[in-house]
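Here the structure comes first, spelled out in structure tokens, and everything after it is commentary.
The values are calculated or read from the model by the stated rules, or taken from the named source; none is laboratory data. For clarity, every value in this text was computed on a predicted model and none was experimentally measured. Note that we place each Cβ from the backbone using ideal geometry, even for glycine, and neighbour counts take in every protein chain shown. Note: accessible area is taken over every heavy atom of the protein model, side chains too, but ligands, DNA and RNA are not part of it. Shrake-Rupley method; radii C 1.70, N 1.55, O 1.52, S 1.80 Å.
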Amino acid sequence: MRKQIVAGNWKMNLDAAQSQELITALKSEKLSNAVQVAIATPFVHLASAVSQTKGSDIGVVAQNMHQAISGAFTGEISAPMLKSIGVNTTLLGHSERRAYFHETDTMLAEKVNTALENELEIIFCFGEELEQRKSGSHFDVVSSQLRNALFHLDTTQWKHIVLAYEPVWAIGTGETASPEQAQEMHAHIRDVLASQYDDSLAQSVSILYGGSVKPSNAKEIFAKPDVDGGLIGGASLNAADFAAIVNAF
Ligand code: 13P
């Protein structure tokens, strides 16, 4: 059975007091035991989030990390730094990192390697832009994003990878991919994994959907057979909404 996961990506939101308030509220919500729940807070809140969630079932995830393990990279955060404060998972490849911070597939392949060498789990994000969907190249775009950043990995390394398909046109826009569009792409992703590796690997990797998931649409998206959960932006900033999405499985 694949892991079912709902992760909140807080992006660059909430100050320290608001972060603590949200975690307190989240801890008081009843969250389904069948689902792994995580929050990706801004870097400055990670350490307090780790201590605040200790003993709960809420995991704490970084939103990014640098590909080098240390050095003259002003303003950056490394994998060993994350590990040293008890963070064991990071997002990589979010479309906002790709678009605004010029992260390329090559750079992401390096980040993936560094994360794995430092025993971090990875939630790897990817997805096509609106123009690519309109021109019908979305399947090829997604295949090449996966190939360029992840297909050098061996089967054992894939145990540490969760995929998050996030069509850029559905992020923060209120426009969700339909459950059918999500299912179609997730099935495509499994096909690509099966042809690069094998069917058993393709069936074992959890694939999350992200892009305007809300309490009102989570159930029908999560009901699709190849959707194993969600990466939630805006709705993860409200404890009741996030809990409703977790409990939509
Ligand atoms: P929204 O849920 O706000 O559309 O954001 C999705 C996302 O980018 C999660 O990483």
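Scanning region 117-128 for residues that are within 21 Å of GLN36 (Cβ to Cβ) and either at pLDDT below 95 or not in a loop (DSSP other than H, G, I, E, B) (or both) returns GLU121, ILE122, ILE123, PHE124, CYS125, PHE126. Of all the criteria given as (1) surrounded by fewer than 21 Cβ atoms within 10 Å (Cβ to Cβ); (2) of a type outside the set (A, V, I, L, M); (3) within 20 Å of ALA62 (Cβ to Cβ), the one not satisfied by GLU129 is (3). Annotation: of all residues in region 199-223 being over 30 Å from ASN13 (Cα atoms) and either in contact (Cβ under 8 Å) with a residue 24 or more places away in the chain or not acidic (Asp, Glu) (or both), the one that is surrounded by the most Cβ atoms within 10 Å (Cβ to Cβ) is ALA202. Within region 171-190, can one find any residue that is buried (at least 20 other Cβ atoms within 10 Å of the Cβ) and acidic (Asp, Glu)? No, region 171-190 contains no residue that is buried (at least 20 other Cβ atoms within 10 Å of the Cβ) and acidic (Asp, Glu). Counting just the residues of region 20-42 that are within 16 Å of the ligand (Cβ to nearest atom) and touching a helix residue (DSSP H, G or I) at 6+ places or on another chain (Cβ under 9 Å), which one comes out farthest from SER84 (Cα to Cα)? Restricting to residues being within 16 Å of the ligand (Cβ to nearest atom) and touching a helix residue (DSSP H, G or I) at 6+ places or on another chain (Cβ under 9 Å), the top hit is LEU22. When ARG147 is tested against (1) more than 14 Å from HIS94 (Cα to Cα); (2) in a loop (DSSP other than H, G, I, E, B), just one condition goes unmet, and that condition is (2). The set of residues in region 40-77 that are under 19 Å from THR104 (Cβ atoms) and of a type in the set (S, T, N, Q) comprises GLN63, ASN64, GLN67.
Between ALA62, ALA16, the distinction of being of a type in the set (A, V, I, L, M, F, W, C) and within 16 Å of the ligand (Cβ to nearest atom) belongs to ALA62 only. For region 231-240, the condition holds for at least one residue, the condition being that it is among the aliphatic types (A, V, I, L, M) and open to solvent by 40 Å² or more (accessible area, probe 1.4 Å). So GLY136 passes all but one of these: (1) open to solvent by less than 60 Å² (accessible area, probe 1.4 Å); (2) in a helix (DSSP H, G or I). Which condition number does it fail? Among (1) open to solvent by less than 60 Å² (accessible area, probe 1.4 Å); (2) in a helix (DSSP H, G or I), GLY136 violates only (2).
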